[in-house]
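Derivation of every value follows stated rules applied to the coordinates shown; laboratory data play no part. Remember, predicted model here, so these are calculated numbers, not experimental data. For neighbour counting, all protein chains shown are included, and Cβ atoms are generated from backbone atoms with ideal geometry for every residue, glycine included.
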Amino acid sequence: MRTHLISHLISTAAAAALIPACAFAQAAPPPTAANASELVITATRLPSRLDLVTGAHVIDRAELEARQTPFLEDVLATIPGVGITRNGGFGGLAAIRIRGASPDKTLVLIDGVPVGNASEPNGAFDPSSLQTVDIERIEVLNGPQGSLWGSDAIGGVVSITTRQVTGVNAAFEGGRYGTVRGYVGAGVSEDRYAVSASVAGLKTDGFSKADTGAEADPYKTITANLSGRLTLSDAVQLEARGRYTYSRIAIDGFPPPNFTLADTSDVDAVRAWQGDVRALVDALGWKHTLSLSDYHFWLGENSSFPASNHAERKVWRWTAERGGPADPWGLVLGAERASTTADLSGRGGADLSTTSAFAVGRIAPWRPLTLTGSLRFDDPDRFASRTTGRLAAALDLGRGFTLTASAGQGFKVPSISEVICDFCFAPPVPLRPERAEGYDLRLGWASEDGRITAALTGYKLSVRDQIAYVALRYINIARTRSDGIEAEADAKLTETLRLKLAYAVTDAIDVSTGRDLLRVPRQSGAASLFWTQQRWGAAVTLRAESTQADVARDGFTPVRRAGFAVADLSGSYRLSDQLTLTARVENLTDKRYEESFGFNESGRAAFVGVRVTE
């Protein structure tokens, strides 16, 4: 299997090499190699050096511009241990799996706001309409993070920070499938205030999502962002952000009478709105933050089984922080009140609210050793309270080597669908929250000049009391386990070349049945090469997955989905400081592949565009 995966990569890389590198370029400053001083800021609650955190990954704006990848899920798929499945390109339902855990066990935050869809059966977040053009930074934490973020963070956390524009930025692109996308943002930033606004959109004629279909499935999405900052004094600052997304997605489904995957005229209309207001106050030597966030999600489905769902999550949060990454110690204290409600198209609804308190601390008792710990108490209104913890130790071994070990816990309360036993045809039974434990061991290395970093991480993740739909109702029955290795390297080879490598081996099984977990590849890998030369540059990304367990077109029968390897190219030429021409090619070798069995992905597709900065 490993030889087959590597041969996929080699053949795809050879095809990519036939394209002259100077034909494509990127005008933004080239992304630089990660180094030990880079910080993970949001996802860890307490800002920490990247090399002191197991399973932490950061992708910044420079790398996003170099890749030119339109959607978040394609960027996440290049991170070791993170898997993406999608029911067809251009808006097909997508899912994020971290370390083999099911999608509902990945917590997604946008500007600190939890964005899981409580009206979805397991409460998972669908990232299919999340465009990268308005993202500033992506942070990913692999492994259970219940002591940091409470319920849902069993597989890990994806934390997204959106762009705040200064001046005027605009971009336009068009290409195959009648696809056009655009972005415009404007903002001003002064010492006392800042305002930023942006709009991003994409429209395409698409292609058939069902691999047996013939009709194209159009898709369009638009996102608007508005943010502001007001500094009242040296000690007090107010911030506010708002975000709105609308998507209209033609999908292929399982129409009667055969109920197998086929062309349909089904259409989903999706709206999401989130707002966040916060006050930042320096008092008594602590940095206090008091915030209120509100997230609304609406789904209207026009199909053989029409539905109209609405979900809302509101979070009050207070934190107090003291000590920075360079200080000998740091501490964050916090408290939250989260309320989650949903209306499942008239079939019922529920209110799941939780009160929480947490603490995160870091101390370096002597020079080579850094200890980090976190503890959280969650008190759900409808379930028993839960205490989760995490402890990590990082030891500087010298010569650029750092050994880091951690152990952490996670949990997940039942979703609203599971609580009300939606679509159950047997008497419901009481449910317990799912529980998880995870362990990591990471060996990292950084060259003395910081131009090269590498890491090898081994992990074990176990989930107990997993909820499954069995015998026409939801019960706590399943137990899952995943073990794996994550390898990564980031090297600035020359002043003009940067190389990023990622590889993961994941052994994920349902212990109660002995079967492989669905849609988790045994092996996955990615390689990205970035090049820049004066006004020119280029970026090429190769990505591959091995075969994996899936379900057939009837939605039930087990099947093996074939592995694949694909290559993408992107680039631009900087005409001036204000104007840049862009070009990219998706699926360079025109590989026919599927991320979910039975659902098409794009063939070879070329796009050209322009970026304007004032």
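Across the stretch 516-532, rounded Karplus estimates of 3J(HN,Hα) from the backbone phi angles (6.51 cos²θ - 1.76 cosθ + 1.60, θ = phi - 60°) give 5, 5, 5, 6, 10, x, 4, 10, 8, x, 8, 9, 10, 10, 10, 9, 9 Hz, Gly and Pro being marked x. Each label point was placed 7 Å from the Cα along the Cα-to-Cβ direction; for residue 303 and residue 369 their separation is 5.5 nm. Classify the stretch 27-136 from the C-alpha gyration tensor, please: rounded if a/c falls under 1.5, else prolate or oblate depending on whether a/b exceeds b/c. Judged from the Cα gyration tensor, the stretch 27-136 comes out oblate (a/c at least 1.5, b/c at or above a/b). Give me the tail of P(r) for the stretch 273-339 as a percent: Cα-Cα pairs with distance above 14 Å. In whole percent, the long-distance tail amounts to 69.
Charged neighbours of residue 451, selected by a Cβ distance under 14 Å, balance to -2 (K, R count +1; D, E count -1). I need the Debye-formula profile for the stretch 340-439: one equal scatterer per C-alpha, no solvent, reported as log10 I(q)/I(0) at q = 0.20, 0.24 1/Å, two decimals. Values, matching the q order: -1.02, -1.22.
Extending 7 Å from the Cα toward the beta-carbon at both residue 399 and residue 170 defines two label points whose distance is 5.7 nm.
Shown for 593, 474: other C-beta atoms within 10 Å of each C-beta, ranked fewest to most, produce the order 593, 474. The amide H of residue 152, built 1.01 Å from its N in the peptide plane, has 411, 412, 413 as neighbours under 5 Å, considering only residues 5 or more places off or on other chains.
Provide the net charge surrounding residue 499, with neighbours chosen by a C-beta distance below 15 Å and charges set as Lys +1, Arg +1, Asp -1, Glu -1.
Summing Lys and Arg as +1 and Asp and Glu as -1 gives +2.
Nearest 500 deg cm²/dmol is fine: what mean residue ellipticity at 222 nm does the chain get from its DSSP H runs of n ≥ 4 alone, each adding -39,500 (n - 2.57), divided by its residue count?
The helix contribution divided over the chain gives -1500 deg cm²/dmol.
Out of every Cα-Cα pair that the stretch 430-492 contains, those further apart than 16 angstrom amount to 62 percent.
Stokes-Einstein diffusion for the stretch 499-614, with the hydrodynamic radius set to the Kirkwood value over Cα pairs and evaluated at 10 °C in a medium of 1.306 mPa s, equals 95 µm²/s. On the principal axes of its alpha carbon atoms, the chain extends 62, 58, 49 Å, with the longest extent given first. In the chain, Cα pairs under 8 Å separated by at least six residues give a relative contact order of 16 percent. Taking a ≥ b ≥ c as the square roots of the eigenvalues of the alpha-carbon gyration tensor, the stretch 188-294 is classed prolate because a/c is 1.5 or more and a/b outweighs b/c. Ranked by how many other Cβ atoms sit within 10 Å of their own Cβ, fewest first, the residues 310, 296 fall in the order 296, 310. A cut-off of 5 Å between modelled amide H atoms, ignoring neighbours fewer than 5 places along the same chain, links residue 217 with 207, 208, 209. Ignoring lysines fewer than eight residues from residue 203 along the same chain, the ones with Cα atoms less than 23 angstrom from its Cα are 220. Approximating the spin labels as points 7 Å out from Cα along Cα→Cβ, the residue 267-to-residue 333 distance works out to 5.5 nm.
Our estimate of slack between residue 226 and residue 188, defined as 0.36 nm per intervening residue step minus the Cα-Cα distance, is 12.5 nm. Taking a ≥ b ≥ c as the square roots of the eigenvalues of the Cα gyration tensor, an a/c ratio of 1.5 or more together with a/b no larger than b/c marks the stretch 125-276 as oblate.
FRET efficiency for the pair residue 425 and residue 462, taken as 1/(1 + (r/R0)^6) with r the Cβ-Cβ distance and R0 = 35 Å, rounds to 0.65.
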